[in-house]
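Before any comments, here is the structure.
The values are calculated or read from the model by the stated rules, or taken from the named source; none is laboratory data. Bear in mind the structure is a predicted one, so any value in this text is a computation, not a measurement. Positions of Cβ are generated from backbone atoms using ideal geometry, with glycine treated the same way; all protein chains shown enter the neighbour counts.
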Amino acid sequence: MDMHALRSAKLQALGPVQRMACRVLPPYFLEEMKFELHMLRVRLGARRTRLAFRGARDLMVNLGAGNAGKQGWVNVDGFQGAGVNCVYDIRTDLPFPDGSVRGIFTEHLMEHLDYTDEAPRLVTECYRVLQTGGVVRIIVPDAERYLRLYSSGGWDGLTDLRPLEAKKDHYFGFLYNTRMELINVVFRQRYEHKFAYDFETLAFLLRRGGFREVIQQVYGKSIAPCVCIDSAERASESLYVEAIKK
């Protein structure tokens, strides 16, 4: 099933009231509104969450943990999930005291933030909460690698990078008709992805946020092994970057 057929099938699976709402308003608008109403409720509890971390020290923080929360970590997400022990809207700030965090890990989260406002704020917050010598490890889709392979023509390199099986998306299950469909899903993921990164741009963002030392890494390798909790499933398409608070 390709992307268009999958969308039609999803609309048909909705109830009559939901289908009527989708005729009046774009489905993505309704989904965004539902998401923002949820995050508003999360922000109403922000003060209580910040108080819970008052006086905390030597924290290990996993931002955007989803269902991949790690034992012994503060696993932060906007939604409750397996292992999530801190529900918070990180687009506003982080709930930790200055210099209270030893390491920060975030995997395939930064691309979901607005580049002009939310991403710089999060980087600044990471710098604030890290202790001197602390490390933030950021993993995002590697836009440069995708563009290089797209420009070279053909599907072979893209098939390995995503990965794909007979042009079928490993994560979403639909079939791609063209390579540009794949590029748009990687860069935009409908409306969920807000920005595509290469190393140069992510390093610029981190340095502007206060970090003086920024290093490009690879899967499973880190200057601080304690923050290296990468998911092997995303290794083929990912850019790995670390920054140290001096």
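At a glance:
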read-out	value
Any hit, the stretch 151-166, residues being surrounded by fewer than 17 Cβ atoms within 10 Å (Cβ to Cβ), among the polar types (S, T, N, Q) and modelled with pLDDT of 95 or more	yes
Qualifying residue in the stretch 141-150 (condition: aliphatic (A, V, I, L, M), assigned to a helix (DSSP H, G or I), under 19 Å from the mean Cα position of the chain (by Cα) and farther than 15 Å from Asp98 by Cβ)	yes
Answer from Ile229, Ile244 - the residue that is in contact with a strand residue (DSSP E or B) (Cβ under 8 Å, 6 or more places away or on another chain) and over 19 Å from Val129 (Cα atoms)	Ile229
Hey, Thr132 among the polar types (S, T, N, Q), outside any loop (DSSP other than H, G, I, E, B) and free of Cβ contacts under 8 Å to residues at least 12 places away in the same chain or not	no
Flag for Arg179 being of a type in the set (Lys, Arg) and either in contact with an Asp or Glu (Cβ under 9 Å, 6 or more places away or on another chain) or closer than 24 Å to Lys246 by Cβ (or both)	no
Of all residues making up the stretch 173-186, the number that are surrounded by fewer than 18 Cβ atoms within 10 Å (Cβ to Cβ), in contact with a helix residue (DSSP H, G or I) (Cβ under 7 Å, 6 or more places away or on another chain) and either polar (S, T, N, Q) or free of Cβ contacts under 8 Å to residues at least 60 places away in the same chain (or both)	1
In the stretch 190-218, the residues that are in contact with a strand residue (DSSP E or B) (Cβ under 7 Å, 6 or more places away or on another chain), closer than 25 Å to Thr159 by Cα and exposed (fewer than 15 other Cβ atoms within 10 Å of the Cβ)	Gln216, Val218
Extreme residue, farthest from Gln131 (Cα to Cα), among residues of the stretch 32-56 that are without any contact (Cβ under 8 Å) to a residue 60 or more places away in the chain and charged (D, E, K, R)	Lys34
Output for the stretch 215-242, where each listed residue is in contact (Cβ under 8 Å) with a residue 24 or more places away in the chain and of a type in the set (Phe, Trp, Tyr)	Tyr240
In the stretch 112-149, the residues that are among the hydroxyl-bearing types (Ser, Thr, Tyr) and surrounded by fewer than 21 Cβ atoms within 10 Å (Cβ to Cβ)	Tyr115, Thr116, Thr124, Tyr127, Thr132
Any hit, the stretch 81-103, residues being farther than 24 Å from Leu202 by Cα, assigned to a strand (DSSP E or B) and without any contact (Cβ under 8 Å) to a residue 60 or more places away in the chain	yes
Search result, residues across the stretch 225-235 that are over 19 Å from Leu202 (Cα atoms) and assigned to a loop (DSSP other than H, G, I, E, B)	Ile229, Ser231
Complete set of residues in the stretch 66-86 that are within 15 Å of the chain's Cα centre (by Cα) and modelled with pLDDT under 95	Gly66, Asn67, Ala68, Gly69
Counted residues, the stretch 219-241 - those being within 15 Å of the chain's Cα centre (by Cα), surrounded by 14 or more Cβ atoms within 10 Å (Cβ to Cβ) and at pLDDT 95 or above	7
